[in-house]
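The values are calculated or read from the model by the stated rules, or taken from the named source; none is laboratory data. The structure presented is a predicted model; accordingly, all values stated were derived computationally and were not measured. For neighbour counting, all protein chains shown are included, and Cβ atoms are generated from backbone atoms with ideal geometry for every residue, glycine included. For the accessible areas, the whole protein counts, side chains as well, though only heavy atoms, and no ligand, DNA or RNA atoms are used. Shrake-Rupley method; radii C 1.70, N 1.55, O 1.52, S 1.80 Å.
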Amino acid sequence: MKSHPFGSTGINVSVIGQGTWYLDRGDRRSAIAALRRGIELGMTHIDTAEMYGDAELVIAEAIAGMRDKLFLVSKVLPSNASRKGTITACERSLQRLKTDHLDCYLLHWRGSYPLAETVAAFEELESAGKIRSWGVSNFDADDLDELLQISGEGSIACNQVLYHLKERAIEHAVIPWCERNKVAVVAYSPFGHDDFPSPKSKAGEVLARIADAHGSTPRQIALAFLTRKSTVFAIPKASNAEHAAENAAAGDLILTEADIAALDAAFPRGPKPRGLPML
């Protein structure tokens, strides 16, 4: 499993991690087995959020005895992101995850509370050792500009955003901004939301052909394409151990320039949108 420095933190983090949205809605034993298999195979970056129902509780059970191996991330809801509310939400997540710290803590999306309040809370949590770094999710380049003015250089660890083969909007401005400012980009829903390319479509045929050439699956090729830049990480969710193993195998996959050009043509990024797409 490849790993790269996670933004300004300098901590090496697995390129492919594990997302947990809706993880609590399926079979609990299967979810725990998937997380543990993923960890065994090097997917030690685990992402969750207070919004994800009981996912934090499932994770706590899955990672028991393995916390030191992990890069654990959770998120505060915008409705809780006042200075006091952020601290309370973080402490609640720590309790549910049965850990004394998070490796990164994110503002899930921008809400009504001033960013300065949330940043102040993040800094307080960092000073107390309850989080080791902080970042944001669903922030466009202009939001990041504003945040940088408040926090200063080197403070923002990551920006977690929607990114998959059919949704490449972040390549216009967000990825370049993050590259310039040493901010990690984390791709959520990297297979799309129930919208992975059909093998019967023209673009899907290109994806399948490249997968066959590498002895891989189309989903592995998709993950390798999204993480082709060293600043980008992906957090696919797996509902069982077999899917976790499939995702993990993408962490060592290297595409050729011809592969990347073919995928770029098959899944064009399109014009820059007015607003940042998000789920």
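Can you tell me which residue among H101, H108 is closer than 20 Å to F71 by Cβ, without any contact (Cβ under 8 Å) to a residue 60 or more places away in the chain and either open to solvent by less than 10 Å² (accessible area, probe 1.4 Å) or touching an Asp or Glu at 6+ places or on another chain (Cβ under 9 Å) (or both)? Break it down into steps so the answer makes sense when it comes.
Working: H101 fails: either open to solvent by less than 10 Å² (accessible area, probe 1.4 Å) or touching an Asp or Glu at 6+ places or on another chain (Cβ under 9 Å) (or both).
None of the other options fit; the residue is H108.
Restricting to the stretch 244-279, name every residue that is charged (D, E, K, R), within 16 Å of K229 (Cα to Cα) and without any contact (Cβ under 8 Å) to a residue 24 or more places away in the chain. If you could, list the steps in order and put the result at the bottom.
Of the stretch 244-279, the ones charged (D, E, K, R) are 246, 252, 257, 259, 264, 269, 272, 274.
Next cut, within 16 Å of K229 (Cα to Cα) only: 252, 257, 259, 264, 269.
Passing the criteria: E257, D264.
Tell me the residue from E205, E179 that is out of contact with any strand residue (DSSP E or B) (no Cβ under 6 Å at 6 or more places or on another chain), charged (D, E, K, R), closer than 26 Å to F6 by Cβ and open to solvent by 10 Å² or more (accessible area, probe 1.4 Å), please.
Selected residue: E179, the only one of E205, E179 that is out of contact with any strand residue (DSSP E or B) (no Cβ under 6 Å at 6 or more places or on another chain), charged (D, E, K, R), closer than 26 Å to F6 by Cβ and open to solvent by 10 Å² or more (accessible area, probe 1.4 Å).
Which of the residues belonging to the stretch 56-84 are without any contact (Cβ under 8 Å) to a residue 12 or more places away in the chain and either within 15 Å of R110 (Cα to Cα) or among the acidic types (D, E) (or both)?
So in the stretch 56-84, the residues without any contact (Cβ under 8 Å) to a residue 12 or more places away in the chain come out as 65, 68.
Passing the criteria: only D68.
Check off (1) at pLDDT below 95; (2) surrounded by 16 or more Cβ atoms within 10 Å (Cβ to Cβ); (3) on the phi > 0 side of the Ramachandran plot for S239 and give me the number that stays unchecked.
Against the list (1) at pLDDT below 95; (2) surrounded by 16 or more Cβ atoms within 10 Å (Cβ to Cβ); (3) on the phi > 0 side of the Ramachandran plot, S239 comes up short only on (3).
Output the residue which, of all residues in the stretch 16-29 that are buried (at least 16 other Cβ atoms within 10 Å of the Cβ) and in contact (Cβ under 8 Å) with a residue 40 or more places away in the chain, is farthest from the chain's Cα centre (by Cα). Give the derivation first.
Looking only at the stretch 16-29, we keep the residues that are buried (at least 16 other Cβ atoms within 10 Å of the Cβ), and these are 16-21, 23-24.
Filter once more, so that each one left must be in contact (Cβ under 8 Å) with a residue 40 or more places away in the chain: 16-21, 23.
Details: I16: 9, G17: 7, Q18: 8, G19: 7, T20: 10, W21: 11, L23: 15 Å.
In this case the residue turns out to be L23.
Can you find even one residue in the stretch 255-275 that is open to solvent by 30 Å² or more (accessible area, probe 1.4 Å), within 21 Å of the chain's Cα centre (by Cα) and within 30 Å of D24 (Cα to Cα)?
no
Which pairs do you get when a residue that is at positive phi and polar (S, T, N, Q), found in the stretch 200-224, comes within reach of a residue that is surrounded by 14 or more Cβ atoms within 10 Å (Cβ to Cβ) and in a helix (DSSP H, G or I), reach meaning Cβ atoms under 9 angstrom, with the pair 6+ apart or on two chains?
So the pair list comes out empty.
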